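J.: One structure is given below, represented as structure tokens, and several questions about it will come after.
The values are calculated or read from the model by the stated rules, or taken from the named source; none is laboratory data. On a predicted model such as this, the values are computed, not experimentally measured, just so you know. Every residue, glycine among them, receives a Cβ derived from its backbone with ideal geometry; neighbour counts consider all protein chains shown.
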Amino acid sequence: MSGILLASAAFIVLIQTACSAPTGGSSATSAKLCVQLQIPVPVAADQYHYDQPQVNSNIDAMDWTVNVTTWDMADFTARQTGTVHVDQTFNISAQLCVPSKKTSKADILHIATAGQGFDKRYYDVDVQPQEYSYVDAAISNGYSVLAYDRIGTGGSEKPDAYDIVQIPTDIEVLVGLTKIARSGNLISSSKMSATTKNEAPTIQEYQPTKIVHVGHAYGSYIMSIMFEKYANLSDGALMTGLYVNYAMLNNSLTVLNYNHAFAKENDPVRFAEWGSGYFVLDNKQTLQKLFFQKATLDPALLDYTESIKQPESVGTYSSEGNSTLAPAPGFTGPIMFFTGEYDNYICNGDCRGVYDESLTNTLYPNAKSIAHYLQPGTGHATGLSLNASAGYEVMLQYLDSQGL
């Protein structure tokens, strides 16, 4: 994948009241009950083996980057050397949080998928959580949240980075999690750890009646592709860090700009579990360049981002050419595209005035409602920027206006 309000007059009225009163019928639901889960998720996906350099050192990481970005090198679809059928069950680390007191929206579950370079902690920030935690914002508005580590990140399994951790597998993990949640077996099928001092599980069972999918960047990307085939699994979507726009056609930002290092060499202790083919953004300066704008950057959050950054698989990048956005006519819920005003990834640094309404309508021809919003002064990581909480209110008010 290589404020300004751009929406209807009705939505303008919505945003003007975004900071007035919380949704969900209860303004005192900020206390949450959470459990940590290891969820076995069955996955069946058809993928490809790609001819690409191995990554086993920092030198290899740069060699891989140069190899795949040189103008006359074959693209990844031309590098396919065989098919790979994945048929496995993967253990996925997740955190389920519900309001400590029953609310009218507690049975609406937000399933949150983080983007490249992050795990589920992107959604539940430890630094000033009242300002930065999406989980806390959703809970205070009465919702429940399931945030998880994508395969190859955080506490989830870390299989082969070349042939297994690719986009189709990521999509099928999200599909599997959603089906498990809808069935009411999220707790019973998982290994659960308590978060209370007496070690008693805080949540005994949970079954949602509706599911909202929430994504950031790559997380939004795999959600969008999921909706092409599995639209019936979702009742609504919040696509953050993904914005259909004209600037995407001329975006000069490529993996050559990312400054990847071999994960195990970047931090041998912290990334000891990640093997060949996993690389990571090298330092705080790279993180600032890719994710932040100075005007809305709290240095403490840049430090936090460095402390939680996650490795990425080369397979995710190599499978991109076979996993492109296409129309999802079966998706009939509301959907919001929410990104930073100055998002480097999505709009080559300036998202103002470049929204492509026609293409968005083509991708989601039957969506109940399509909204698009630019978070003022922010870069790609809107959830880690100074005005994060105001952005959360925009998103949650939108859902409330759509009956979710």
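J.: Quick one: which residue in Asp72, Asp63 is charged (D, E, K, R) and modelled with pLDDT under 90?
T.: Being charged (D, E, K, R) and modelled with pLDDT under 90 holds for just one of Asp72, Asp63, which is Asp72.
J.: So, in the stretch 268-322, of the ones that are touching a Lys or Arg at 6+ places or on another chain (Cβ under 9 Å) and among the acidic types (Asp, Glu), which residue ends up farthest from His85 (Cα to Cα)?
T.: The qualifying residue farthest from His85 (Cα to Cα) is Asp303.
J.: Can you tell me which of Asn250, Asn245 is crowded, with 16+ Cβ neighbours inside 10 Å, at pLDDT below 95 and over 17 Å from the mean Cα position of the chain (by Cα)?
T.: Just a single option satisfies the conditions, and that option is Asn245.
J.: OK, next. Against the condition modelled with pLDDT of 95 or more, part of a loop (DSSP other than H, G, I, E, B), of a type outside the set (Lys, Arg) and out of contact with any Cys (no Cβ under 6 Å at 6 or more places or on another chain), how does Val280 come out, does it pass?
T.: no
J.: For the stretch 41-73, how many residues meet the condition of being over 23 Å from Lys264 (Cβ atoms), over 26 Å from the mean Cα position of the chain (by Cα) and of a type outside the set (Val, Ile, Thr)?
T.: So the answer is 4.
J.: Could you tell me whether any residue of the stretch 266-277 is touching an Asp or Glu at 6+ places or on another chain (Cβ under 8 Å) and hydroxyl-bearing (Ser, Thr, Tyr)?
T.: no
J.: Consider Asp303 against the criteria (1) within 24 Å of Arg121 (Cβ to Cβ); (2) part of a loop (DSSP other than H, G, I, E, B): it satisfies all of them except one. Which criterion is unmet?
T.: Asp303 satisfies every listed condition except (2).
J.: Find the residue count for the stretch 361-376, including only residues that are within 19 Å of Ser389 (Cα to Cα) and either outside any loop (DSSP other than H, G, I, E, B) or under 18 Å from the mean Cα position of the chain (by Cα) (or both).
T.: Number satisfying all stated conditions: 5.
J.: Please find, within the stretch 341-392, the residue that is surrounded by the most Cβ atoms within 10 Å (Cβ to Cβ) out of those that are of a type in the set (A, V, I, L, M) and within 22 Å of Gln116 (Cα to Cα).
T.: It comes out as Ala381.
J.: Would you check which residues across the stretch 135-183 are of a type in the set (Ser, Thr, Tyr) and either over 30 Å from Phe262 (Cα atoms) or surrounded by 24 or more Cβ atoms within 10 Å (Cβ to Cβ) (or both) and list them?
T.: Ser140, Tyr143, Ser144, Tyr148, Thr153, Thr169, Thr178, Ser183
J.: Here is a follow-up. Only one of these is of a type in the set (Phe, Trp, Tyr), touching a His at 6+ places or on another chain (Cβ under 7 Å) and more than 25 Å from Phe262 (Cα to Cα): Tyr355, Tyr398. Name it.
T.: Just a single option satisfies the conditions, and that option is Tyr355.
J.: If you don't mind, there's one more thing I want to ask. Starting from the stretch 290-317, take each residue that is more than 27 Å from Ala161 (Cα to Cα) and list its partners that are of a type in the set (Ser, Thr, Tyr) and in a helix (DSSP H, G or I), counting only C-beta distances under 9 angstrom and pairs at least six apart or across chains.
T.: Every condition considered, the pairs that remain are Phe292/Thr305; Thr296/Thr382; Asp298/Tyr132; Asp298/Tyr304; Leu301/Tyr132.
Results for (1) among the small types (Gly, Ala, Ser); (2) touching a helix residue (DSSP H, G or I) at 6+ places or on another chain (Cβ under 6 Å), shown as yes or no for each residue.
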residue: Asn91; (1), (2): no, no
residue: Tyr123; (1), (2): no, yes
residue: Asp126; (1), (2): no, no
residue: Ser133; (1), (2): yes, no
residue: Ser140; (1), (2): yes, no
residue: Ser156; (1), (2): yes, no
